[in-house]
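**Q** Right, I'll just put the structure down here and ask away after.
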Amino acid sequence: MTPVCHSLYKIYKQHNNPSNLYFDPKMASSGAQYESDDGMDEFMDKFKTQRYKNAFPEEGWEEPLKRLTPKKYPELACLQAIIHDEDRPPEEQAKSLKDEGNEYFKEKNYQKAILSYTAGLKKKCGDQELDTVLLTNRAAAHFYLGNMRSALNDAAAAKKIKPDHLKALIRGAQCCIELRIFAEAMQWCDEGLKAHPTDKKLLELRAAADKHKRAAERDARKVKAKEKKLHGQKETLLAAIQDRGIKLLQSVKPPRRGSDSEDEDKGSSAAISQLSLDDLSSQEVTGAQVFLDEQGSLHWPVLFLYPEHQQSDFISAFCENTS
């Protein structure tokens, strides 16, 4: 029997009684028969098929746990010393912290898992295999918390220590896909497939990254083509406005002292040349703006004011040819 199991069993026997709210009295009544190491094994096996009916509540379990103080239960102090003994070799401490992090991970308590894995890495045990596992596990915890960049950094650090580590390679590819850097995701997969050419997960991730990459490139081309078309329409519209000799007011920097009229004309021309459809847009909810129809006629949003009647009227598209 390990010291941890033996101490746990002793705490259980001390703490267990029929009036206890946190332990099953039926199981407590049978505790006396487990006095030997063999009996302890049988006792521990029961937990594989049975659960405490009155165990610590899943919500708020910290409060009753606080009552199990090392002073009241020396065996608890023993357990803490076994887990957190600073006199133990760094490798052993790091391994204990890794196991602790794994338990938190199983409970989906990813933040505490990250703290445990980080504490294990700080031990600097020198075991590259263990450090790789700690980094990969921490990357997984970050991944499930949505910290993709941190997860990618940990996966990259693990890959730097052990370039062929499968879990690190898979995690790195997954993070890149979530971050929408598909070309980099394919690189991670390609590196992994050199060492693991038949790995199903890597093959699936590479296919997914390639598909997303092609789709992103296609969407980018569509957006670029749309922008080019809109830019051409703007240029045509602005040229039509200028051809009609219409002057548009736009805020420009005041002329510097000593500038002549030629400089002012240049400033006005620059203002017109920089004019965009955004400057011609209505700020109202209608969003109306000037446009050029297929016949080459301008249509303007026009606001009519009738002060004497305290009324107004708005026409979203008033053709310039309307008399």
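The values are calculated or read from the model by the stated rules, or taken from the named source; none is laboratory data. All values derive from a computational prediction rather than experimental measurement. Heads up, the Cβs are rebuilt from the backbone with ideal geometry, glycines too, and the neighbour counts pull from every protein chain shown.
Residue-wise test of (1) touching a Ser or Thr at 6+ places or on another chain (Cβ under 6 Å); (2) part of a helix (DSSP H, G or I); (3) crowded, with 17+ Cβ neighbours inside 10 Å; (4) among the charged types (D, E, K, R).
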| position | (1), (2), (3), (4) |
| --- | --- |
| PHE105 | no, yes, yes, no |
| LYS112 | no, yes, no, yes |
| THR118 | no, yes, no, no |
| GLY126 | no, no, no, no |
| ASP131 | no, yes, yes, yes |
| ARG149 | no, yes, no, yes |
| PRO163 | no, no, no, no |
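**Q** Does ALA158 satisfy being in the same structural domain as ALA195 (by TED's automatic domain parsing), surrounded by 17 or more Cβ atoms within 10 Å (Cβ to Cβ) and within 17 Å of the chain's Cα centre (by Cα)?
**A** Spelling it out, it is not the case that ALA158 is in the same structural domain as ALA195 (by TED's automatic domain parsing), surrounded by 17 or more Cβ atoms within 10 Å (Cβ to Cβ) and within 17 Å of the chain's Cα centre (by Cα).
**Q** Continuing with this model, one more query. Tally up the residues in segment 166-205 that are more than 17 Å from ARG149 (Cα to Cα) and surrounded by fewer than 21 Cβ atoms within 10 Å (Cβ to Cβ), please.
**A** So the answer is 14.
**Q** Kindly establish whether ARG180 is outside any helix (DSSP H, G or I) and either within 23 Å of the chain's Cα centre (by Cα) or modelled with pLDDT of 95 or more (or both).
**A** The answer is yes for ARG180.
**Q** Out of all the residues in segment 294-318, which are within 17 Å of ILE241 (Cα to Cα), exposed (fewer than 13 other Cβ atoms within 10 Å of the Cβ) and free of Cβ contacts under 8 Å to residues at least 24 places away in the same chain?
**A** Matches in segment 294-318: GLU294, GLN295.
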